[in-house]
There are 2 protein chains.
Amino acid sequence: MEPITYEQLIEMLQGTSALPRARAALSEMNVVDIANLFEELESKDQVLLVFRLLSKDLSADVFAYLDPDHQQTIIESISDREISAIVSELFIDDAVDLLEELPANVVRRVLRNTDEQTRRIINEFLKYPEQSAGSIMTIEYVDLREQYTVADAIKRIRRTGVDKETIYTCYVTDATRKLLGVVALRKLLTVDEDTLIGDVMDENVQFVHTLDDQEAVTRLMREYDLLSMPVVDNEDRLVGIITIDDAVDVIDEEATEDFEKMAAMMPSEDEYLKTSVWQMARNRIPWLLFLMVSATLSGLVIARFEHAIQAVVMLAMYIPMLTDTGGNCGAQSSTLVIRGMALGEIEAKNVFSILWKEVRVSLMVGLILAVCNFARVMLFDRSGAMVALTVSMSLIVIVFASKVIGCMLPLLAKKLRVDPAIMASPLITTIVDVLALVVYFNIAVWLLGIPA
Amino acid sequence: MEPITYEQLIEMLQGTSALPRARAALSEMNVVDIANLFEELESKDQVLLVFRLLSKDLSADVFAYLDPDHQQTIIESISDREISAIVSELFIDDAVDLLEELPANVVRRVLRNTDEQTRRIINEFLKYPEQSAGSIMTIEYVDLREQYTVADAIKRIRRTGVDKETIYTCYVTDATRKLLGVVALRKLLTVDEDTLIGDVMDENVQFVHTLDDQEAVTRLMREYDLLSMPVVDNEDRLVGIITIDDAVDVIDEEATEDFEKMAAMMPSEDEYLKTSVWQMARNRIPWLLFLMVSATLSGLVIARFEHAIQAVVMLAMYIPMLTDTGGNCGAQSSTLVIRGMALGEIEAKNVFSILWKEVRVSLMVGLILAVCNFARVMLFDRSGAMVALTVSMSLIVIVFASKVIGCMLPLLAKKLRVDPAIMASPLITTIVDVLALVVYFNIAVWLLGIPA
């Protein structure tokens, strides 16, 4: 049976006669496609109607993929027993995500309808700080013992696998839940059935602690090509795993967060189209205000050199070009360093090789820009050779200084335990502006012989 | 046995007596950790010595994780037979990656030492355009037939699984290699052994074509939480798969590429520390030059209003603040739209809801900035109320215009099939600069009654 489109679904919802057909079509579809259909439904009644068309098993799976608004609509409209059924079907990490998005009164209702043990685990997981490994892990992993044979292990996987988030990587623990090793299902299928798990497991396990930053998780998973990452508590006991699909979401989130910070915004967790106008304004205003007030400094520099502008009004003409070029040069260097640090390619110990590289690059770039600029001013402007020389000499100094500042500030931020991403284009631009103007006017005063 | 550190390894390499110990230690280590050790080795002799310490199986695995320089060092120093052994052990995608990085004469030597069939496949794969699905796929997947029983399938996986890049997702094809369905190993382990593959496979398969962009691959894998993605040719025949670990690398690469473009650089595939100074300068100069020349326009606007500056020199003071704020506002909007499009959250059809959102956000932001600015100028500057009003009114118009331009240009770029990422901060800044100056000086001439 073909997957149905939104239009077909809506048509089927009109009368009651087509509902069995809709139910049958939905039951054959991929859960992600069904969740996408929900995104397009506009009325709450339609959301509920379609949700009720899903079989019990399917409904929990689809529920995990719905966006928070639809989840809330459903939770608010179904019976306590239905809530309980859904929550018990959800993986713990999805249940925790759900509860983090719901209003407090709905959370209370959900927890009231959850069995004792799940409630205890959920409550514990809700306490992990945002963006920590603990906050994104789940408990549905396969755990094995050293003394199992491979045949035992496969039997266990066959029996319990349906409820696990992944069965492809299994973790070996002792009686105290201490993590001893890891063994891939692939290995289990290709060795003799009588082999002991203790003999085939790999003891070189990569793991993280519950409080480690989620970025550390993704970095290790990427480096070691892992499908899941074990999370241990302070006593090295295995408490959960993070699967690659969740890690991929974190990778995207972290990159988006950096993009936002680097464009002078407070990071937002919501998609663009789902963020309210007011929330957007609130994310954007703080940095704009701060940068606007900081730009007062460049105004002061200009005020200080008012007489120079009065003497040679032409000088004002080159202000935007010089400050923009400085800003762009600084942005180039800072972006490369920030991104390199985010991917773990650059560390604090590389500071001197970075500095040395930027010094050479900036001299090369500055010289080429200066020559091109000199030619352009001489050919097209009526400013004369001395002004052209002033602008070109300033360019060399500005390019040099902004590249050095651009590469050093993110490293400094890291050292001070501030997120390097804020040391990006907007802040660098503001700093470089002041510097560019000071350099430019001083060179002008000196070269053009403007009296102080 | 504990993994050894770089220092321990170097010590062991000094004499010959410790080499067996080094070999034993290496044989217990994770291939990624071994590859990391190589990164720190400085002399070619050490690289070769350590490589020779690895067992044959391990050496091909480690080789796949080495950086291109080390790979080249090794290829150039080993015998034809050893090359042949390594290439036949590599997965096709790793072999293709290797050959793409090597100089032509070394490539010829490698291909000469590869068996006929592998050579044919590699040559075909090398023809796929960069960044296409075909260029990152591999052929080592498990393929099953509809008429197999689950028991047959598991037997087949046990027999051939060692050489597959993943066994966790198996693909069902017919005699003409046409892709019919997909079945997860998890499913195979939890259903009855006599079931036919045709009855358990999922026919709703997500797939891509060889020429599809690699970004489309990662978008689908993320959306459907897939561990591997099948790639088909023009006749819908299965030709390869892309595994999640390679998709994760693509996700990072694509984000890095966007970061670089958004900071006015040509994208580079190499890590910061591994890119030469000359290459870096070449990546940075073109945009800087273009933007520098474009900034001439803002110079022309200033030249046009020379008389206004001559009349009220104070006006020059606010130029950097106004152009920076415009640039920052434009960067905020364009970044959100560019990132939203990269993640597939925003599409061309959303143009009106984006525009409407930005219009409201920009009015809110502009008003707040204008009020704060008015207060600041009145309190701290000696410019007077009319100049304060001029600057604040300009702010409102500039914030509005730059946000609208910032959100529209990336959408326009997409429409024109240009990469939206270039419509980021640097280009927007340059465009907004001109606009900001025109707005500012016109308001000034009008409000301050400066004769034209």
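The values are calculated or read from the model by the stated rules, or taken from the named source; none is laboratory data. This is a predicted model, so every value here is computed, not measured. Because the Cβ atoms are built from the backbone with ideal geometry, glycine has one as well, and the counts that use them run over all protein chains shown.
Couple of notes before you dig in:
- Evaluation of A:V32 against the conditions (1) within 14 Å of chain B (Cβ to nearest Cβ); (2) farther than 26 Å from A:I92 by Cβ shows that the sole unmet condition is (2).
- Residue match in region B:62-84 (condition: in a helix (DSSP H, G or I) and closer than 29 Å to B:L220 by Cα): yes
- The residue of region A:255-278 that is modelled with the highest pLDDT, among those that are among the polar types (S, T, N, Q) and surrounded by fewer than 20 Cβ atoms within 10 Å (Cβ to Cβ), is A:S276.
- The numbered conditions (1) within 18 Å of B:K187 (Cα to Cα); (2) crowded, with 18+ Cβ neighbours inside 10 Å; (3) touching a strand residue (DSSP E or B) at 6+ places or on another chain (Cβ under 9 Å) are all true for A:R186 except (3).
- Criterion: surrounded by fewer than 24 Cβ atoms within 10 Å (Cβ to Cβ), under 25 Å from the mean Cα position of the chain (by Cα) and part of a helix (DSSP H, G or I) - qualifying residue of B:N328, B:N350: B:N350
- The single condition among (1) touching a residue at least 40 places away in the same chain (Cβ under 8 Å); (2) buried (at least 20 other Cβ atoms within 10 Å of the Cβ); (3) within 10 Å of chain A (Cβ to nearest Cβ) that B:D381 does not meet is (2).
- B:N373 buried (at least 24 other Cβ atoms within 10 Å of the Cβ), more than 37 Å from the chain's Cα centre (by Cα) and facing chain A (nearest Cβ under 7 Å): yes
- Boolean, B:T73 is surrounded by 14 or more Cβ atoms within 10 Å (Cβ to Cβ), at negative phi and not acidic (D, E): yes
- Among the numbered conditions (1) within 14 Å of chain B (Cβ to nearest Cβ); (2) in contact with an Asp or Glu (Cβ under 7 Å, 6 or more places away or on another chain); (3) not aliphatic (A, V, I, L, M), the only one that A:P68 does not meet is (1).
- Residue match in region B:259-275 (condition: more than 9 Å from chain A (Cβ to nearest Cβ) and either among the small types (G, A, S) or over 30 Å from A:G344 (Cβ atoms) (or both)): no
- Filtered by the rule that a residue be surrounded by fewer than 17 Cβ atoms within 10 Å (Cβ to Cβ) and without any contact (Cβ under 8 Å) to a residue 40 or more places away in the chain, region B:384-396 gives B:G384, B:A385.
- Within region B:76-99, being surrounded by fewer than 20 Cβ atoms within 10 Å (Cβ to Cβ) and more than 26 Å from B:A133 (Cβ to Cβ) holds for B:E76, B:S77, B:I78, B:S79, B:D80, B:R81, B:E82, B:S84, B:A85.
- Among (1) part of a helix (DSSP H, G or I); (2) surrounded by fewer than 17 Cβ atoms within 10 Å (Cβ to Cβ); (3) of a type in the set (D, E, K, R) - the single one A:E42 does not satisfy: (1)
- When B:E358 is tested against (1) touching a Lys or Arg at 6+ places or on another chain (Cβ under 6 Å); (2) at the interface with another protein chain (Cβ under 8 Å from one of its Cβ atoms), exactly one condition is not met: (2).
- Close contacts from region A:233-261, counting a first residue that is touching a residue at least 60 places away in the same chain (Cβ under 8 Å) and a second that is in a strand (DSSP E or B) and of a type in the set (S, T, Y), with Cβ to Cβ under 6 Å and a gap of 6+ residues or different chains, come to A:L238/A:Y171; A:L238/A:T173; A:G240/A:T138; A:I241/A:S228; A:T243/A:S228.
- Hey, B:L37 touching a residue at least 24 places away in the same chain (Cβ under 8 Å), part of a helix (DSSP H, G or I), more than 32 Å from the chain's Cα centre (by Cα) and surrounded by 18 or more Cβ atoms within 10 Å (Cβ to Cβ) or not: no
- B:L144 in contact with a strand residue (DSSP E or B) (Cβ under 6 Å, 6 or more places away or on another chain) and of a type in the set (A, V, I, L, M, F, W, C): yes
- Close Cβ contacts (under 7 Å, 6 or more residues apart or on different chains) running from residues in region A:302-331 that are under 14 Å from B:I319 (Cβ atoms) and facing chain B (nearest Cβ under 7 Å) to residues that are assigned to a loop (DSSP other than H, G, I, E, B) and of a type outside the set (S, T, N, Q) comprise A:P320/B:A295; A:M321/B:A295; A:D324/B:A295.
- Some residue of region B:421-441 being without any contact (Cβ under 8 Å) to a residue 24 or more places away in the chain and out of contact with any strand residue (DSSP E or B) (no Cβ under 6 Å at 6 or more places or on another chain): no
- Members of region B:194-230 found to be away from chain A (no Cβ under 14 Å), buried (at least 21 other Cβ atoms within 10 Å of the Cβ) and under 18 Å from the mean Cα position of the chain (by Cα), listed by number: B:Q214
- Between A:D245, A:D252, A:D233, the distinction of being more than 10 Å from chain B (Cβ to nearest Cβ), surrounded by fewer than 21 Cβ atoms within 10 Å (Cβ to Cβ), touching a helix residue (DSSP H, G or I) at 6+ places or on another chain (Cβ under 9 Å) and at pLDDT 90 or above belongs to A:D233 only.
- Some residue of region B:147-159 being among the aromatic types (F, W, Y) and under 28 Å from A:L226 (Cβ atoms): no
- A:F290 vs. criteria closer than 30 Å to B:L379 by Cα, touching a residue at least 12 places away in the same chain (Cβ under 8 Å) and more than 7 Å from chain B (Cβ to nearest Cβ): no
- Of the candidates A:V142, A:V191, A:V162, the single residue that is within 14 Å of another protein chain (Cβ to nearest Cβ), within 30 Å of A:E82 (Cβ to Cβ) and at pLDDT 90 or above is A:V142.
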